[in-house]
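Report on the following structure.
The values are calculated or read from the model by the stated rules, or taken from the named source; none is laboratory data. The model shown is predicted, which means the values in this text are computed figures rather than measured ones. Note that each Cβ is placed from the backbone with ideal geometry, even for glycine, and that neighbours are counted across all protein chains shown. These area figures cover heavy atoms from the full protein model, side chains too; ligands, DNA and RNA do not enter into them. Shrake-Rupley method; radii C 1.70, N 1.55, O 1.52, S 1.80 Å.
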Amino acid sequence: MMPWSVGILGAGPGVAALHLPVLGRVGDLYKVVHIADAGSGRARVLAERLGARWSEGEADLLADPGVDVVAVCSPPGEHARQILGAVAAGKRAIFCEKPLATSREEADDVISACRAAGTLLLVGTNHLFDAAWGRAKHHLVALEGRVQAVSVTLALPPNDRYHRLVAEGRSLDPARRGRPDLGNAAVAAGILRQLLTGLAIHDLPAVRDIAPGVDEIAYARIIAPIGYLVGYRTGGVLVQLALTMLPEGPDALWRMSIATTHDRIEVNFPPAFVHAGSAAIRVRSVDGHWTEYPRDEEDGYVAEWRLLASLLQGDAPVEYDELLADSHFAIGLADAAAAKVLEGVPL
């Protein structure tokens, strides 16, 4: 079988450090033939290394008859529009970096268009496809323990995109220049929503698997300089999402902890853009004994592209309903958390 030809919309750090190396690892399945950027010039640099075509904007790539699969790796606000463009161009499949869309209406439109056209769609939620997460879910089902609490804790190094986001919300007061005006509830709520839909989105589909729905936001606040703390209840389960992103760059931590009536499960995901195999899982029993599970060589980044190949080969169905439900869940949570901040809860 000939490799599927991929055109990538976007040429940022995620494409250079993540998707191109991953696609290189599965070169029997895919070949990158076209890369487009928004005018930065990075597409040309990346494409020339691969002997691929390059362009500015998206029109040339979408019109390229040699592109079978469109990878949407642009800023989140562009995702829905570019997916609809790829569908209209008759592309066979679309890989979209998370999030799928930034509003429920956009998500509805995207899924409706893909379903009507029969366009294959996969959202790159690598933690959901991590083999270790699959084992964690199997463990939960096998022991039949009732989930009592879930926490997702992130300590990440600097990310220019989010530092720019916070900088846009800085105070006009000269005495506070350069610091975000977190005392402005509207500013804080907007920043929180974007952090949740941009970073928490990595884990929300997995969280939804074991604790679906949002009954009540217990607390939601922005943590300076860049971070958040959000807690909500759903069906008797307390879920906490926490992020800190310090300018000096702490040691990276990306951990999901699940407390059940039987034990506690810790899933430690590798840092973003790091190809270090699957997440590491350990389970603490009621007697305090820890059991560690072996890691897989392949990570969720490779697994998601392999799954897309299965969709292309007709070996697996597209789960349109699940993709839409994941998107609605994340957007609903982000909106509810932002609304909690707007209530005037002290930050």
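Just give me the residues in the stretch 114-138 being part of a helix (DSSP H, G or I) and open to solvent by less than 30 Å² (accessible area, probe 1.4 Å), in sequence order. Talk me through it step by step, then tell me what you get.
Let us first name the residues in the stretch 114-138 that are part of a helix (DSSP H, G or I), namely 114-117, 126-129, 131-138.
Passing the criteria: 114, 126, 127, 132, 133, 136.
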Which of the numbered conditions does residue 79 fail, given that it passes all the others? Conditions: (1) touching a Cys at 6+ places or on another chain (Cβ under 7 Å); (2) part of a loop (DSSP other than H, G, I, E, B).
(2)
From the list 58, 97, pick out the single residue that is open to solvent by 20 Å² or more (accessible area, probe 1.4 Å), within 28 Å of residue 203 (Cα to Cα) and among the acidic types (Asp, Glu).
97
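Let me confirm something: among 66, 24, which residue is in a loop (DSSP other than H, G, I, E, B), of a type outside the set (Lys, Arg) and modelled with pLDDT of 95 or more? First the steps, then the outcome.
Values: 24 fails: in a loop (DSSP other than H, G, I, E, B).
Answer to the selection: 66.
Could you say which residue among 335, 315 is modelled with pLDDT of 90 or more, open to solvent by 10 Å² or more (accessible area, probe 1.4 Å), assigned to a loop (DSSP other than H, G, I, E, B) and out of contact with any Phe, Trp or Tyr (no Cβ under 6 Å at 6 or more places or on another chain)?
Checking each option against the conditions leaves just 315.
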Being over 16 Å from residue 63 (Cβ atoms) and in contact with a strand residue (DSSP E or B) (Cβ under 9 Å, 6 or more places away or on another chain) is the filter; apply it to the stretch 24-36 and report the residue that is most open to solvent (accessible area, probe 1.4 Å).
31
